[in-house]
Structures are given as C-alpha cells and as structure tokens.
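Below you'll find the structure, written out as structure tokens, and then a few comments.
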Amino acid sequence: MANQPESNRHVIASAYRRTLIITALVSLLVTLGVMAVLLLQNGEQAANKMVKSLETTFVHKTPNTDAWQASSEQGPSTTYVKINVHSTAGYPANLFYSTHARQFANLADKTGRQLTPAIVYVPKRGLFYYSNKSSTKARYQVWLKLDYIISQLEVVVLAVLLAVGISSILGILLMNMHASRLTQPLTNLTDAVQERTETTQPSTTPLPVPTTPLEVQQLAKSFNQLLSALNQELIHEQQFVSDASHELRTPLTVIRGYISLLKRRGAEHPEVLSEAIDFLDSESNRLQQLVESLLTITRNERLTLSPQRLELAPVLTQLLKPYQEQMTQKVQVDCPPTLSVLVDENSLKQMILALLDNAAKYSPTNQPIKITCKPQDDNVTIAVSDQGPGIPNNQKNLIFDRFYRVDTARSSQIPGTGLGLSIVSQLVSLNHGSISITDNDPRGSVFTLTLPK
C-alpha cells in the first residue's frame with residue numbers, strides 16, 4: 001500500500017521534533033562534557049592542595065598526615081594518600097599511608113585499570129582521580145574517589161533533562177499553534193479550490209487571498225489569475241458554441257424552408273423551382289464557408305508554424321495577380337523591393353487575403369484598397385487600408401472576436417461568416433506578431449500587421 005501523503009502541519013511538526021531531539025542531545029552532551037572537565041579540574045586542584053599541604057607540614061622526616069584531612073573536602077574513606085619518603089643524610093627511605101590507604105594501594109596495583117593518566121577504575125571501589133607528584137623530599141600518590149563528581153553530574157543530567165522536557169512540551173504546544181496558523185490559510189485555499197472544481201460553470205468570485213504567509217498569498221493570487229484566464233476562456237468557448245450554433249442554424253433553417261416549399265408547391269408552380277435552387281445554392285455555399293472557417297480555427301489552435309525569411313514584394317505580386325481579377329476595387333501596393341519579413345508563407349497569404357476580402361466587402365467599388373509595407377525598428381508593418389464606413393472606437397477591441405460583426409454590417413447583403421478577422425488574429429499570434437486597427441483618412445479603416453524582420 002502506498003504511503004499516504006503528509007500534511008504541511010505534520011511535516012513541520014516532524015521536522016521540529018527531530019530538531020528538538022538533536023538539539024537536546026547536543027546540549028546534554030556539551031553540558032556533561034563541560035561539567036566533567038570542570039569537576040575533574042576541581043579534583044586535580046584538591047589533590048594538588050593535599051600534596052602541597054603535606055609538603056609544607058613535614059615534621060623532620062615524618063609528613064603530617066593529619067594535615068591532608070583538614071584540607072580534604074571528603075574524608076579518609078574516599079581519599080587515599082601514599083607517601084614514599086626519599087632517603088636523605090641520616091634518614092633512610094620510608095613509606096607512609098593514610099587511613100586504609102595501604103590496603104587500597106595494594107588492591108589498586110593488582111586489579112586497578114588505568115582509564116586515562118588521571119582516571120583509575122578499581123573494582124568494587126569505583127572511579128578515582130589519580131595524582132602522582134614528586135618533590136625533593138618524597139613522592140606523593142593521591143587517589144580521590146569520584147563518587148561526589150558522578151553524583152554532581154547526575155544532578156546536572158537530571159536538571160538538563162528536566163529543562164529539555166519542559167521546553168520540549170512548551171515547544172511542541174507552541175509549534176502546533178504556529179503550524180496551525182501557518183497552514184490554515186493554505187487549507188482554506190485548498191478547500192476553496194476543491195469547492196470550485198465541483199462546478200464547470202465560470203465564477204467571478206475570486207479565491208480567498210490571505211495576508212500571511214507571503215508564499216500562500218502569492219499562490220492564491222496566481223490561482224486567481226489562472227482561474228480568471230480559465231473563466232474567460234470558458235466564457236469565450238461557451239459564447240463561441242452559442243454563436244456557432246446560431247450561425248449554423250440560420251442557413252439550415254433557410255434550406256429546410258425552401259425544401260418544404262418545393263415539396264408543397266414545386267410540382268404545381270415550376271417558377272418557384274429556379275428561385276429555390278438559387279437560395280439553396282447560396283445558403284449551402286454560406287454553410288460550407290462557415291464550416292471551413294470553423295475547421296480552420298480549430299486547426300490553428302493546435303498549429304505550430306516554422307517562420308522563414310521572405311521578401312514581401314514578390315510574395316504580394318504572386319498573390320495579387322490572380323486575386324485582382326476577382327475584385328471590383330483596384331489594389332495599390334507600396335512595398336520596398338528588398339523588404340523582408342520572418343513569417344510562415346502560407347499563413348502570410350491567408351492573412352493578406354482575409355484582410356483584402358474584408359476590405360472589399362465594405363469599400364466602395366470605385367475606391368482603391370491600399371497595401372503599404374514599411375520597416376519599423378526590428379519589425380515590419382503591412383497595412384491594408386480601405387474606404388469603407390469605418391469601425392467605431394468602442395467596437396475596435398471586439399472586431400477580432402469570433403462571429404462578431406459591426407452592427408451596421410449585420411445584413412444579408414454583405415456576405416461573410418464573421419470568422420475571417422478572428423482567423424487573422426490567430427495566425428498573426430502564431431507568427432509572433434500583432435494586429436491593430438486605426439481610422440483611415442478621410443474615411444475607412446486601416447488593419448496593420450506587425451511581424452518580426
């Protein structure tokens with residue numbers, strides 16, 4: 001079974017506990033080390049103090065063994081002294097022991113283990129601090145039992161453990177509070193996203209944006225931007241489906257109407273037949289153009305182009321020679337012969353033909369349509385100017401929407417599907433360019449393609 005993913009709160013809590021345990025162990029070890037060193041130094045000082053006291057309290061050839069008892073912080077049962085007096089003029093060498101020191105020294109020599117130069121372990125007796133000092137008079141050996149040091153270390157360990165335990169409990173409580181406060185905005189955001197995913201309808205209500213933490217705030221803003229774009233796309237697609245259905249329904253309704261008319265009156269009134277065939281041909285042609293335009297838009301959404309550097313003048317000449325014969329308006333071209341552009345050739349021809357077709361629909365038959373090509377910084381502009389009625393400023397941003405037509409142009413006398421300029425907008429974006437609309441002087445519109453050199 002796969003492991004269940006952990007929440008941020010659990011991850012934060014686990015990381016904190018690991019950090020707390022490591023910190024406690026390191027603190028404990030450091031504290032024990034420091035205390036052990038300090039206590040051993042204290043033992044060494046005590047041993048040195050005893051030796052110095054014995055050196056200064058020699059009475060003739062005999063050391064004053066009672067003096068170390070006065071300076072000892074423990075007692076004869078935990079501190080043992082062995083003094084090896086050197087031979088001097090008139091005085092032979094001799095050995096002196098403190099109380100019980102002789103038995104302990106023999107036991108230490110036989111069974112003791114030297115753990116360090118200063119630490120000796122004697123079975124059944126424990127750990128001892130060992131000091132071996134020599135002077136001109138004698139050699140001093142001192143065994144200082146470390147029970148009191150170990151007991152003090154135990155007290156320190158208990159104190160440290162108690163402090164660590166209390167701080168751990170308080171730390172975990174505080175951590176849970178802070179983790180909950182930090183993760184709650186993310187939890188709220190997740191709940192809001194899950195709630196939003198349960199519906200396919202576009203929503204204008206943004207996700208909640210917390211003030212803290214900053215990362216979650218930025219994530220919420222990014223989600224809102226993404227949702228806004230998706231909502232706009234969904235609304236756009238729904239509008240497209242609605243408009244496409246409406247546009248398809250119109251010619252189909254006309255076709256069905258004339259078919260019904262032919263069934264009812266075709267045999268009795270032959271004169272209706274010619275009119276019906278003309279309308280059926282017109283509406284079926286319109287339906288074919290509409291379907292082809294819809295297919296073109298769909299293909300363009302998945303299209304990947306490979307722009308190439310082309311000289312504009314030869315392409316325009318080749319394109320306009322057969323097209324001019326089909327137009328009533330004259331097309332005037334102003335294009336430098338050496339001007340080149342980085343574009344896909346087929347899509348360039350589609351864009352220019354679509355703009356020319358649009359201009360021809362709305363321009364008077366006795367007014368020319370102009371194509372002007374110019375270099376502009378790192379780009380090339382291709383402007384198609386007409387002498388039509390123009391486009392109101394409040395509709396210029398809408399003219400590239402699918403099925404959109406200017407109100408004054410919504411007439412059966414002007415053919416079209418309302419998709420030509422939308423296809424141009426698609427193709428110019430695929431070629432990393434842009435398209436804009438400005439007013440022509442004295443009348444009409446100018447559609448300008450801006451493409452990279």
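Quick notes on this one:
- Computed from the Cβ-Cβ distance with R0 of 51 Å, the FRET efficiency linking residue 178 to residue 432 stands at 0.55.
- For residue 339, nonlocal amide neighbours, meaning residues 5 or more places apart or on other chains whose placed amide H falls under 5 Å from its own, are 312, 313.
- Contour minus Cα-Cα distance for residue 225 and residue 281 (0.36 nm per residue): 15.4 nm
- FRET efficiency, 1/(1 + (r/R0)^6) with R0 45 Å, evaluated for residue 232 and residue 339 via beta carbons: 0.75
- Chain lengthening between residue 95 and residue 29 when straightened (0.36 nm per residue, less Cα-Cα): 19.5 nm
- Bridges between two residues of segment 306-452, per DSSP, are antiparallel at a rate of about 85%.
- Cross-link reach list, lysines versus residue 137, counting only Cα pairs under 26 Å and skipping chain neighbours closer than eight places: 49, 52, 61, 82, 145
- Charge tally in the Cβ shell below 12 Å around residue 318, where Lys, Arg are +1 and Asp, Glu are -1, residue 318 excluded: 0
- All lysines inside 22 Å of residue 370 as judged from Cα atoms, apart from same-chain residues fewer than 8 positions distant: 321, 330, 349, 361, 396, 453
- Cα gyration tensor category, rounded, prolate or oblate, for segment 82-181 with a/c compared to 1.5: prolate
- The slack in the chain from residue 264 to residue 44, taken as 0.36 nm per residue of separation less the alpha-carbon distance, amounts to 66.4 nm.
- Charged neighbours of residue 340, selected by a Cβ distance under 9 Å, balance to +1 (K, R count +1; D, E count -1).
- The distance between label points at residue 36 and residue 157 comes to 1.0 nm (points 7 Å beyond Cα on the Cα→Cβ vector).
- Rough spin-label spacing in nm, given labels placed 7 Å along Cα→Cβ, for residue 132 and residue 19: 5.1 nm
- Normalised alpha carbon radius of gyration of segment 306-452 [divisor 2.2 N^0.38 Å]: 0.99
- Where labels lie 7 Å past Cα in the beta-carbon direction, separation of residue 196 and residue 109 in nm: 9.0 nm
Throughout, read-outs are computed from the coordinates displayed, never taken from laboratory work. Keep in mind it's a predicted model, so treat the numbers as computed, not measured. Here Cβ is always computed from backbone atoms with ideal geometry, including for glycine, and neighbour counts include all displayed protein chains.
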